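The values are calculated or read from the model by the stated rules, or taken from the named source; none is laboratory data. Everything numeric in this text was worked out from a predicted model, so none of it was measured. Counting neighbours? That spans all protein chains shown, and the Cβs are built from the backbone with ideal geometry, glycine included. In case anyone asks, the SASA skips ligands and DNA or RNA and just uses the protein heavy atoms, side chains included. Shrake-Rupley method; radii C 1.70, N 1.55, O 1.52, S 1.80 Å.
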Amino acid sequence: ALTDTYEPGSTFKTITAAAALAEGVLTTETEFNDAPITLSGWTIHCWNKSGHGIETFAKAIANSCNPIMVQAAQRVGIDKYYKYIASFGFTEKTGIMLSGEATSVIHQNPSEIDMAVASFGQRLQITPIQLATAYCAIANGGKLYTPRVVKEITDNDGNVIEKYETELVRQVIAESTSAQLLQML
């Protein structure tokens, strides 16, 4: 619903991947160890308690590996990471032409542990329409558009009364980064 926010969970790993690839801090073939990571007294494990060992970033996305998402976000850094979250539209309403759109809940002064758990979709609250809009930006060559539900309004004879044009908000990531993400997904 537009009026609710949710933790996005693993669906947010694509946003982390986008930031890391766009910043050039890794490639799809960069290898990582998915050993547990301890930050601020918390230990972050892969969902597979025995882990996957050494794997490429592309494989980590396929395996939905939390410790590797943390490492990717750490390479980006807190300031840049949260700039990507904002650029993908998670800190503002989408502008969809429906009333009641909720406001997301994103840390204002995030710590390293905040970023670490956000990298795999925890401790932040977003709306489903924000997530769908961000995924559309990835699919649209990195271009973020204002979502719309209506293309045009016609009368009974099929004449167009009002037409709603596509509205570009901004270029979030390069088209080449978009292509890499689409290949991985």
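Keeping all protein chains in place, calculate the accessible area per residue for the chain (probe 1.4 angstrom), answer in Å².
Value for the chain: 51 Å² per residue.
Surface composition of the stretch 55-185: carbon plus sulfur atoms contribute 48% of the solvent-accessible area (1.4 Å probe, protein chains only, all chains present). Spin-label pair Ile161-Thr27: with each label point 7 Å from Cα along the Cα-Cβ axis, the two points sit 5.6 nm from one another.
Answer with a single label: of [x] 18.1, 66; [y] 15.6, 53; [z] 17.0, 51, which was calculated as Rg and Dmax of the Cα atoms in Å from the structure in view? The calculated read-out lines up with [x]. Scoring 109-121, 47-59 by mean Cβ neighbours within 10 Å over their residues and listing the highest first yields 109-121, 47-59.
List the lysines whose alpha-carbon lies under 23 Å from that of Lys49, not counting same-chain residues fewer than 8 positions away? Result set, ordered by chain and number: Lys13, Lys59.
The angle between the Cα long axis of helix 175-184 and the longest principal axis of the Cα atoms of the chain comes to about 60 degrees, rounded to the nearest 10. Here the gap between Val105 and Asn63, fully extended at 0.36 nm per residue and compared with their Cα-Cα distance, gives a gain of 12.4 nm. Counting Lys and Arg as +1 and Asp and Glu as -1 over every other residue whose Cβ lies under 15 Å from the Cβ of Thr133, the net charge comes to +1.
For Glu152 and Leu98, a Förster radius of 22 Å and the Cβ-Cβ distance give a FRET efficiency of 0.85, rounded to the nearest 0.05. The C-alpha atoms of the chain define a longest principal axis, and helix 66-76 lies at about 80 degrees to it.
Evaluate E = 1/(1 + (r/R0)^6) for Lys80 and Gln122, where r is the Cβ-Cβ distance and R0 equals 25 Å; express this FRET efficiency to the nearest 0.05. Let's see the in-between values first.
On the way: r = 20 Å, r/R0 = 0.79.
Computed FRET efficiency for Lys80 and Gln122 comes out at 0.80.
Compared with the dominant Cα axis of the chain, that is its longest principal axis, helix 128-139 is turned about 80°. Summarising the amide proton neighbourhood of Ile44: residues at separation of 5 or more, or on other chains, whose placed amide H is nearer than 5 Å comprise Ile37, Thr38, Leu39. Taking a straight Cα-Cα cut-off under 14 Å and skipping sequence neighbours fewer than 8 places away in the same chain, the aspartates and glutamates within cross-link reach of Lys83 are Glu23, Glu92.
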